[in-house]
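All remarks here apply to the structure that follows.
The values are calculated or read from the model by the stated rules, or taken from the named source; none is laboratory data. This one's a predicted model, so the numbers in the text were calculated from it and none came from an experiment. Positions of Cβ are generated from backbone atoms using ideal geometry, with glycine treated the same way; all protein chains shown enter the neighbour counts. When the accessible area is computed, the model is the full protein with side chains, heavy atoms only, and any ligands, DNA or RNA have been set aside. Shrake-Rupley method; radii C 1.70, N 1.55, O 1.52, S 1.80 Å.
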Amino acid sequence: MNHTFLMESGRWTLQGNWLDRESLPRPVKGKLLVAWSRDNWFTLITKLTFLNDDREEITMQYRGRLDSGDQRYAFVMQHSVLGRIEGEGWIAPESLVQRHWVLGDRQRRSGFETIYRLNDDRYYLASTMLTGHALTSVMEATLERQPE
């Protein structure tokens, strides 16, 4: 399992589409920054911008821990729209799979992501948000590692 996204510090770009319930897909782009500390904690900061749209940007700041040799990790996130979120992730041979839930949310919002490795410098992201049991939004995008 030699993943480069999330498992190594670096800068990434995101480009793809966002779909909300009962609306047309809208182009989205973003920037991601991954940093690791010496004690197995990672930080992932993400900024999403909607092109040709007046929708506000979304920012997310993750902090998580992955012990050496482990295949699972836990994280907390501050989301600019949803607030505080907790989640977990699994490291599979070809993908990273995560699920998360919004804390203290009466609407029971949660999400699920698969980040599939295409090669060391490219990943494909499929992400969804749910309210209760209903899909409310989907994002599909390509992540590309930027040279240092």
**Message:** Taking the condition of being closer than 18 Å to Gln15 by Cα and β-branched (Val, Ile, Thr), how many residues in the stretch 129-143 meet it?
**Reply:** 2
**Complete:** Note on Glu140: of the conditions (1) open to solvent by less than 60 Å² (accessible area, probe 1.4 Å); (2) touching a residue at least 24 places away in the same chain (Cβ under 8 Å); (3) part of a strand (DSSP E or B); (4) farther than 23 Å from Ala35 by Cβ, unmet is (1)
**Complete:** Checked the stretch 29-56 for anything open to solvent by less than 30 Å² (accessible area, probe 1.4 Å) and either under 13 Å from the mean Cα position of the chain (by Cα) or more than 29 Å from Arg72 (Cα to Cα) (or both); matches are Gly30, Leu32, Val34, Leu44, Thr46, Leu48, Phe50
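Residue by residue, here is whether (1) among the aromatic types (Phe, Trp, Tyr); (2) more than 22 Å from Trp41 (Cβ to Cβ); (3) modelled with pLDDT of 95 or more; (4) in contact with a His (Cβ under 9 Å, 6 or more places away or on another chain) holds:
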site: Glu86; (1), (2), (3), (4): no, no, yes, yes
site: Trp101; (1), (2), (3), (4): yes, no, yes, no
site: Thr114; (1), (2), (3), (4): no, yes, yes, no
site: Arg117; (1), (2), (3), (4): no, yes, yes, yes
site: Leu143; (1), (2), (3), (4): no, no, yes, no
site: Pro147; (1), (2), (3), (4): no, yes, no, no
**Request:** Go through the stretch 104-118 and count every residue that is outside any loop (DSSP other than H, G, I, E, B) and either open to solvent by less than 70 Å² (accessible area, probe 1.4 Å) or under 19 Å from Glu88 (Cα atoms) (or both).
**Result:** 9
